[in-house]
1. If you go through the stretch 213-228, how many residues are at pLDDT 95 or above and of a type in the set (S, T, N, Q)?
2. Which of the residues that make up the stretch 274-283 are surrounded by fewer than 19 Cβ atoms within 10 Å (Cβ to Cβ) and either among the β-branched types (Val, Ile, Thr) or closer than 19 Å to Glu219 by Cβ (or both)?
3. Closer than 29 Å to Phe244 by Cα and within 16 Å of the chain's Cα centre (by Cα) - does that describe any residue in the stretch 116-131?
4. Considering each of Glu187, Glu220 in turn, give the residue that is acidic (Asp, Glu) and under 21 Å from the mean Cα position of the chain (by Cα).
5. Among the residues that make up the stretch 237-244, is at least one of them in a helix (DSSP H, G or I) and of a type in the set (Lys, Arg)?
6. Could you check how many residues of the stretch 249-294 are under 18 Å from the mean Cα position of the chain (by Cα), hydroxyl-bearing (Ser, Thr, Tyr) and not in a strand (DSSP E or B)?
7. How many residues are farther than 22 Å from Ala67 by Cα and aliphatic (A, V, I, L, M) if we restrict to the stretch 190-241?
8. Keeping to the stretch 191-211, report how many residues are in contact with a strand residue (DSSP E or B) (Cβ under 9 Å, 6 or more places away or on another chain) and assigned to a helix (DSSP H, G or I).
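The values are calculated or read from the model by the stated rules, or taken from the named source; none is laboratory data. Note that the coordinates shown come from a computational prediction; the quantities given were computed from them, not determined experimentally. Positions of Cβ are generated from backbone atoms using ideal geometry, with glycine treated the same way; all protein chains shown enter the neighbour counts.
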Amino acid sequence: MDKNVEVNWIQSREASHSGSWYSDDPDVLSNQLSNWINTQQVPQCNSRLRAIISPHAGYSYSGSTAAFAYSAIDTSMVSRVIILGPSHHVYLPGCALSVAKQFQTPLGTLHNDTQFCTDLLTSHSDSFSVMNKRTDEAEHSIEMQMPYLAHIFGKTENTLDRVSFVCVMVGALSNSSEKRIGNIVAEWLNDSRNLLVISSDFCHWGNRFQFTTKCINGEEIYENIERLDRQGMQLIEAKDASGFSSYLSQTKNTICGRHPIALLLYAINTLGSSKFDVKFVQYRQSSKCRSQRDSSVSYASAIITSNPSNPPQ
């Protein structure tokens, strides 16, 4: 048996984007999240929720979209939450774990599953490393999920202390790495005590993102963007990992969480696609682009459930 690696844990990851990307006032933030959750049509989950896909922009842009996914979570069924988010600021060929023992939010403290992380670093050192505090706190894709998690798990007494959280930054993985690490993620997905949170926005359109497309048949730009996004969303719902990879290669769509999504799809394929259902429950754009001077980012939420007639575990 491999000897456990030595991890230099830090005490806390601060809520570095509070006060800018979302409110740092607990009452304001809690009321905002409650209003979004209460006013969205809650997806009907007739089977066990195993994962969600949620956007990670500032809450004024994507918070209401994220509510469609978070409203589907039954906190009583979850013991560990694993957040997988893309890296926006550093190049990373594999995945990196946060080494903070605690994750601060305006709505409460989330506790890292340090033993889970240690075991992962020991068993899969070729795929997982650690990130330093500066890198951790600079990245928003994971942090933007934390206030929602603190809000929904904190509503029940002692739930925040009962549930542990793991933060995984997913780098610019090769297709072979996606398949290899997807096999590891399959182990997490197969454990019914876990909830996976896949953090991703969809198309980033406009000159400031260095990505534009050509419209066809007189469609508006925003219609073209939605058509492009929904092509990818259909492949995700079909659990088609290789098709999603080909789609990204062909269209170059700027889905920033493409690698975390790919890990989810390869994990599902490893366990058996028939064992899971994937359904997008909300889609919107930050603005409706009509000219080449415009720009927008797309947001989507999805729920991933186990098929009750053929569950993975």
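1. Number of matching residues: 1.
2. Within the stretch 274-283, just Tyr283 meets the criteria.
3. Looking through the stretch 116-131, none of the residues is closer than 29 Å to Phe244 by Cα and within 16 Å of the chain's Cα centre (by Cα).
4. Details: Glu220 fails: under 21 Å from the mean Cα position of the chain (by Cα).
On inspection, the qualifying residue turns out to be Glu187.
5. As a first pass, look at the stretch 237-244 and keep what is in a helix (DSSP H, G or I): 237, 241-244.
Retained after the next criterion (residues that are of a type in the set (Lys, Arg)): none.
Within the stretch 237-244, none of the residues are in a helix (DSSP H, G or I) and of a type in the set (Lys, Arg).
6. Start the filter on the stretch 249-294 by keeping residues that are under 18 Å from the mean Cα position of the chain (by Cα), which leaves 253-268, 276-285.
Add one more test, that the residue is hydroxyl-bearing (Ser, Thr, Tyr), and what stays is 254, 266, 283.
Keeping just the survivors that are not in a strand (DSSP E or B) gives 254, 266.
Result for the stretch 249-294: 2.
7. The total comes to 7.
8. Result for the stretch 191-211: 1.
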